[in-house]
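Student: First the structure, then my questions, so here it is.
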Amino acid sequence: MDAIVLLLPLALLLGGLFAVLFLLAAARGQFDDLDDPPERMLHD
Amino acid sequence: MEGAADAFCCAGCETAAAIIRGAGLERYYQEREAYAPRPGGLSASWAGLTPDRAADGSCELRVAIDGLRCASCVWVVEHVLQATPGVTGATVSYATGRAWLRWDPDRVDLGALAARIGALGYRPRLLGEEARPDRTLLLRLGVAAFAAMNIMLLHAAIYAGWWSEMDPRFLALFRWAALVLATPLALWCASPFFAGAFAALRRGMLHMDVPLALAVAILYGHGVAATLLRHETYLDSLGMLVALLLAGRFLESRGRRRAAEAAVTLAASAPVSAKRLTGEHLDIVPVAALRAGDLIEVATGDEVPADALVVHGRGALRMALVTGEAEPVAVGPGERVLAGTVLVSGQLTASVQAVGQGTLLGRMAAQLQAAADRGTRPSSADRIAPWFTAGTLIVAAIAFAGWLAFAGIGRALPVTVAVLVVACPCALALAQPLAAAAGLGAAARRGLLFRSADALLELRTVDTVALDKTGTVTAGALRVVEASDEVLRIAAALERHSSHPIARAVLAETAARGIPLPRAQAAQEQSGVGMDGIVDGRAWQLRAGDPGVVELRGERGVHGRIRLSDVVRADAPATVSALRARGLRVALLTGDHPDVAAAIARHAGIDEVVARIDPEAKAAWVRRERALGRRVLFVGDGVNDGPALAAADVGIAMAGGAASTVLVADAVVSGETIAPLLGGLRAAEAAAGTIVRSQRRSIAYNVLAVTAAVAGLVNPLVAAVLMPLSSGVVIWGALRIERLVREVE
């Protein structure tokens, strides 16, 4: 059970890492246009 | 193109083919699904336009492109632009019909790029200001979702600990971890609710943000205190609340932005430049540089840049934008021409009288804009909010007093907090934005683009539909209604050399009947009068006869007549009868002659006709009906319909209409049809019905939950289950809107 004291912050840290990655991607405009890139791919 | 002998109908097509081959893009012809439109000249010059330069010296611009019909169109425009020397970036979006360009102005100018797009057969237009996507809302939603899910996970462990004994050390750890996660959630993610609540309170109003902000503050404040004192917290409910509300807001803003973007695209305009004559010298200048008294030249196909007096030259002007009527008007020396009208044939030299805001078009647009700033109406949820907040606080106070008197402060405080928590109007606040977003989407899929959810809901209350004639009930373009094949054959041979709307109608009819076109010799357009030429070795003249009739005159007098008229849109009769079947009163308002109006009305199935009225009288008619207690929907297309659009409860513009009209209307029909009105009405009905049902359900939930809380039956686990359950019902209702609309269809 004592492992939780270590694992809980670790899990939050790992989850937080993904949250930060999402934030970076969103801030750079990755989610601004979700309609065109999938179509564009078919033509290259 | 490949393998076939290259024969071109005109120089424009040849240029387009050469550009495509020159850029190495023959593959376009293997991939296209639809034929591109024929290349035509650009109606205005882009050369006088200089967008801002970036730090590295390059220019960037977003333009709307008309005529993109399939993914291959997008492909060819994008690749042609990318293959142009001097262009450093070009992307074209099929979904929005926009292109983004970046180029080096020292190597290539915008005029050349626009001409290249134009030569391919597509039409570039300038976009006005438009809102950038709101990324902060997405960021807040992302953080809230992350925090909420982790808090829930921690709380699941805490609740599990109720039944299987839990080490107090771990319990404290879980609670503190949840508090750490909840802090950015409450302080940053939920800040739009606080901002909204403060703004409302400063204006002395209570709207939906006030009880929401109150709930967040109570939940978080209680969370901090309870964690310090080692009590139960409601932080999982807080996470759920904030994440759900942000998701609702995000969906709503995305739906609204799509609609606004579409409206901006429709209202985009070609940049207007003028050909100024200084002595013998002709130069192209932006319209803003024109002054009263300047001499300007207007060639066939040009938009008249300013209100001006014709000095010499003759021509035919299409006034549709200003008067709403489709038939061109002949002008000559001494007559006044208006900015925004298009010269369909001839050549004019004119002296400028008024420019920009001083023109009739400018004054009308400014009036419309002023009328359009009507302010937003409070939503029905906002109207409930004050009662809701007051009711919640009173019930909480009564519960606190009651429990304090009978069980002491130790029992009274948790009960009061529970009351305040379950009273949070999460589902109530979600009902409107979610249903509105779904309704806007359902209407948009049926061809009606709304600028706001308010207008969508307003549409349901309408009981009178007033339709403009030209461009709304009718297609707004002339069509041949009566002519013999022989007359048509000769006329078409002559009209091939003209771009007049009558020529277009004659050529379209000839093509539809499959009549082969002979060649005409010495064909010549007599501006504002007609066409001359030789067909089959005989001389012919095309001249205007009675109204709506063109006469073909040979060497021995009149040889035959072609009758033309603006015809009712194919889907207009069915749409009108469906509107009437819904119990709506339908009226036709037009500036045209009563006989013409009556004929069109009979064809479309409308009994009530108000003919020969000017734009102000249309607006007055709308105001009078509203004063009689009717709710009026006005549908129109020209600047002349603007005052009526602004005066109506709901104003809908047609896509082909004037830019300023599109911008003041509450909604825009996106295609060359009128049937989307019905789709919009059905979507409005479904959305409004769903909102009412969802609000009733969520209020019922709140009453039940608060009663349970007052009775002391609610603990954090019960709250954590109840809240998402009530919100889930609301979300389910919004998801059903599309199906509801389809069932009616």
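Bear in mind these aren't lab numbers, they're just calculated from the coordinates by the rules spelled out. Everything numeric here is computed off the predicted structure, so don't read it as measured data. Ideal geometry is used to build each Cβ from the backbone, glycine not excepted, and the neighbour counts take in all protein chains shown.
Student: Residue farthest toward the positive end of the dipole of chain B, with Cβ of Lys/Arg at +1 and Asp/Glu at -1: which of B:Gly583, B:Val529, B:Val76?
Tutor: B:Gly583
Student: Here's a follow-up. Give, in nm to one decimal, the length gained when the segment between B:Arg739 and B:Ala620 is fully stretched (0.36 nm per residue of separation minus the Cα-Cα distance).
Tutor: Fully extending the segment from B:Arg739 to B:Ala620 adds 38.9 nm.
Student: Give, as ranges by residue number, the residues of the range B:301-317 whose backbone N falls under 12 Å from the point 7 Å along Cα→Cβ of B:Ala508.
Tutor: Residues passing the 12 Å test: none.
Student: Moving to a separate point now. I'd like the FRET efficiency for B:Ala112 and B:Glu60, computed as 1/(1 + (r/R0)^6) with the beta carbon distance as r and R0 of 22 Å, rounded to 0.05.
Tutor: Once the sixth-power term is evaluated, E becomes 0.85.
Student: So what's the back-of-envelope 222 nm ellipticity for the protein assembly as shown, counting only DSSP H runs of four-plus at -39500 (n - 2.57) apiece and dividing by all residues, rounded to 500?
Tutor: So the helix-based figure for the protein assembly as shown works out to -16500 deg cm²/dmol.
Student: Take the Cα atoms of the range B:168-223, find their three principal axes, and give me the spread along each one in whole Å, biggest first.
Tutor: Projected onto the principal axes, the Cα atoms of the range B:168-223 cover 48, 16, 13 Å.
Student: Sorted from largest to smallest, which semi-axis lengths in Å does the alpha carbon gyration tensor of the range B:449-534 give for its equivalent ellipsoid, taking the root of 5 times each eigenvalue?
Tutor: 42, 14, 11
Student: Considering the protein assembly as shown, what Rg and Dmax in Å follow from its alpha-carbon atoms?
Tutor: Rg then Dmax for the protein assembly as shown, in Å: 32.4, 113.
Student: Enter the mean number of other protein chain beta carbons within 10 Å of the beta carbon of each residue in B:72-80, as an integer.
Tutor: Other-chain Cβ atoms within 10 Å of each residue's Cβ, averaged: 2.
Student: Could you size up the charge dipole of chain B around its Cα centre, putting +1 on the beta carbon of Lys and Arg and -1 on that of Asp and Glu, and report it in debye to the nearest 20?
Tutor: So the magnitude is around 1960 debye.
Student: Relative to the longest principal axis of chain B, what angle (0 to 90°, nearest 10) does the C-alpha long axis of helix B:676-710 take?
Tutor: Once rounded, one gets 10 degrees.
Student: Moving on to the next point. Counting only other chains, and only Cβ atoms inside 10 Å, what mean value do you get across the residues of B:139-151?
Tutor: 3
Student: A further question follows. When Rg is the radius of gyration of the Cα atoms in the range B:546-671 and Rh is its Kirkwood radius, what does Rg/Rh come to?
Tutor: On the Cα set of the range B:546-671, Rg over Rh gives 1.07.
Student: Within the set of other residues whose C-beta is less than 14 Å from the C-beta of B:Val703, count the net charge using Lys and Arg as +1 and Asp and Glu as -1.
Tutor: Net of charged neighbours comes to +2.
Student: With axes computed from alpha carbons, what is the tilt in degrees of helix A:3-27 against the longest principal axis of chain A, rounded to the nearest 10 within 0 to 90?
Tutor: For helix A:3-27, the angle is close to 20 degrees.
Student: Right, another one. So what is the relative contact order of the range B:84-156, in percent, for Cα pairs below 8 Å that sit 6 or more residues apart?
Tutor: Across the range B:84-156, relative contact order equals 18 percent.
Student: May I pose another question? Give me B:Thr461, B:Thr389 ranked fewest to most by other Cβ atoms within 10 Å of their Cβ, as a rough exposure proxy.
Tutor: Ordered by Cβ neighbours within 10 Å, fewest first: B:Thr461, B:Thr389.
Student: Could you order peptides B:178-190, B:222-234, A:30-42 by the average number of other Cβ atoms within 10 Å of their residues, highest first?
Tutor: Going by the mean number of other Cβ atoms within 10 Å, highest first, we get B:178-190, B:222-234, A:30-42.
Student: For chain B, what is the relative contact order in percent, using Cα pairs closer than 8 Å and at least 6 residues apart in sequence?
Tutor: Result for chain B is 12 percent.
Student: Provide the descending list of Cα extents for the range B:397-510 along its principal axes, expressed in whole angstroms.
Tutor: Per principal axis, max minus min of the Cα coordinates gives 102, 26, 18 Å.
Student: Helix B:209-229: angle to the longest alpha-carbon principal axis of chain B, degrees 0 to 90, nearest 10?
Tutor: Around 40 degrees separate the two axes.
Student: Per Stokes-Einstein, at 25 °C and 0.890 mPa s, what whole-number D in µm² s⁻¹ belongs to chain B, with the Kirkwood radius over Cα pairs as the hydrodynamic radius?
Tutor: 82
Student: For B:Leu584 and B:Ala217, compute 0.36 nm times the residue count separating them, minus their Cα-Cα distance, and round to one decimal in nm.
Tutor: Taking B:Leu584 through B:Ala217 to full extension adds about 127.3 nm, to one decimal.
Student: Run the simple label-point estimate for B:Glu608 and A:Asp33 please: 7 Å along Cα→C-beta, distance reported in nm.
Tutor: 4.6
Student: Another one. Taking a point 7 angstrom from the Cα of A:Val5 along the C-beta vector, which residues in the range B:171-198 have backbone N less than 20 Å away?
Tutor: B:171-180
Student: Determine, for each peptide in B:276-289, B:78-91, B:54-67, the mean count of other beta carbons within 10 angstrom over its residues, then list the peptides with the highest first.
Tutor: So the peptides B:276-289, B:78-91, B:54-67, ranked by packing, come out B:78-91, B:54-67, B:276-289.
Student: Could you pull the Cα extents of the range B:205-256 along its three principal axes, largest to smallest, in whole Å?
Tutor: On the principal axes, the range B:205-256 reaches 45, 25, 10 Å in Cα extent.
Student: Can you give the mean number of other chain Cβ atoms that lie within 10 Å of the Cβ atoms in peptide B:415-426?
Tutor: Going residue by residue through B:415-426 and averaging, the value is 0.
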